[in-house]
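The structure appears below as structure tokens.
The values are calculated or read from the model by the stated rules, or taken from the named source; none is laboratory data. Everything quoted here is computed from the prediction, not taken from an experiment. Neighbour counts run over all protein chains shown; Cβ positions are idealised from the backbone, glycine included.
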Amino acid sequence: TWNRHRAALRSFTAWASGPARGWVRDDLAALIDRRPEVQDRTRAIDRHQIEDLWERRDVPVREKTLWRLLYESAARADSVLALDITDLDQPNKRAKITAKGHVVRWVQWQSGTARLLPRLIGDRRAGPLFLSDRRPAPARTPAVKDLCPVTGRGRLSYKRAEYLFKKTTGGWTLHQLRHSRLTHLGEDGWSSAMLMALSGHTNLRSLGIYTNPSTEAVAAALADHDPGRRHR
């Protein structure tokens with residue numbers, strides 16, 4: 001965030017010192033040092049831990065469906081939480097979302113999510129896919145589009161969903177599910193083009209943040225290609 005604000009200030013300085021304006025002469029960001037950016041290569045959750053999460057019986061169907069959908073689709077949590085039931089194309093295991101930058105695209109999932117969705121939806125035919133635990137207070141009534149016409153409950157918020165995930169997992173974040181999925185698929189040999197099509201990234205640089213093979217994957221690959229191991 002520091003570096004982003006510094007870059008914005010430098011950009012403003014260049015604009016304000018242009019020949020048509022000449023409002024400033026000095027670089028306002030010159031005395032502000034750029035801070036080093038730490039590359040955290042441990043954010044991807046181990047595959048076995050992900051599988052253990054799916055097997056837990058103390059997790060309600062709403063949370064299990066959300067987490068599994070986020071992982072399988074590698075979609076952003078805010079886009080998935082904004083889904084309505086009418087956005088779903090369950091036979092084809094996909095849904096239409098409005099992604100970052102107001103881009104409308106499909107997100108897709110696998111059989112794990114497909115088995116959970118009917119249990120989550122029940123008899124509902126419209127309204128938000130993921131609902132809050134209770135009806136909102138009169139003073140906090142959300143917009144009509146964020147209310148379920150059947151139960152009267154509102155849309156589940158990102159803040160609440162994040163809190164429940166952290167509480168259950170001991171501190172993981174919803175974004176780590178997206179990060180982990182892309183990392184795991186990259187380890188499995190998916191091409192950059194396929195990963196971008198799944199996640200909605202538009203350039204390789206932003207995708208590269210997510211596709212760092214884990215230490216375990218590197219160790220396994222080395223073991224598989226170890227000449228000494230093959231000759232035993």
Restricting attention to region 190-209, the residues that are small (Gly, Ala, Ser) and not in a helix (DSSP H, G or I) number exactly 2
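Here's the yes/no breakdown for (1) closer than 13 Å to His175 by Cα; (2) without any contact (Cβ under 8 Å) to a residue 24 or more places away in the chain; (3) out of contact with any Cys (no Cβ under 9 Å at 6 or more places or on another chain); (4) of a type outside the set (Val, Ile, Thr):
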position: Ile50; (1), (2), (3), (4): no, no, yes, no
position: Arg68; (1), (2), (3), (4): yes, no, yes, yes
position: Ala75; (1), (2), (3), (4): yes, no, yes, yes
position: Thr86; (1), (2), (3), (4): no, no, yes, no
position: Asp89; (1), (2), (3), (4): no, yes, yes, yes
position: Ala99; (1), (2), (3), (4): no, no, yes, yes
Looking only at residues that are touching a helix residue (DSSP H, G or I) at 6+ places or on another chain (Cβ under 7 Å) and of a type in the set (A, V, I, L, M) in region 115-143, which one is nearest to Leu81 (Cα to Cα)?
Leu129
Could you tell me how many of the residues in region 116-166 are surrounded by 15 or more Cβ atoms within 10 Å (Cβ to Cβ), in contact (Cβ under 8 Å) with a residue 24 or more places away in the chain and of a type in the set (A, V, I, L, M)?
9
Of the residues Ala29, Ala74, only one is at pLDDT 85 or above and small (Gly, Ala, Ser); which?
Ala74
When Gln108 is evaluated against the numbered criteria (1) farther than 17 Å from Leu164 by Cα; (2) surrounded by fewer than 19 Cβ atoms within 10 Å (Cβ to Cβ); (3) out of contact with any strand residue (DSSP E or B) (no Cβ under 7 Å at 6 or more places or on another chain); (4) of a type outside the set (D, E, K, R), which criterion, by number, is the only one it fails?
(3)
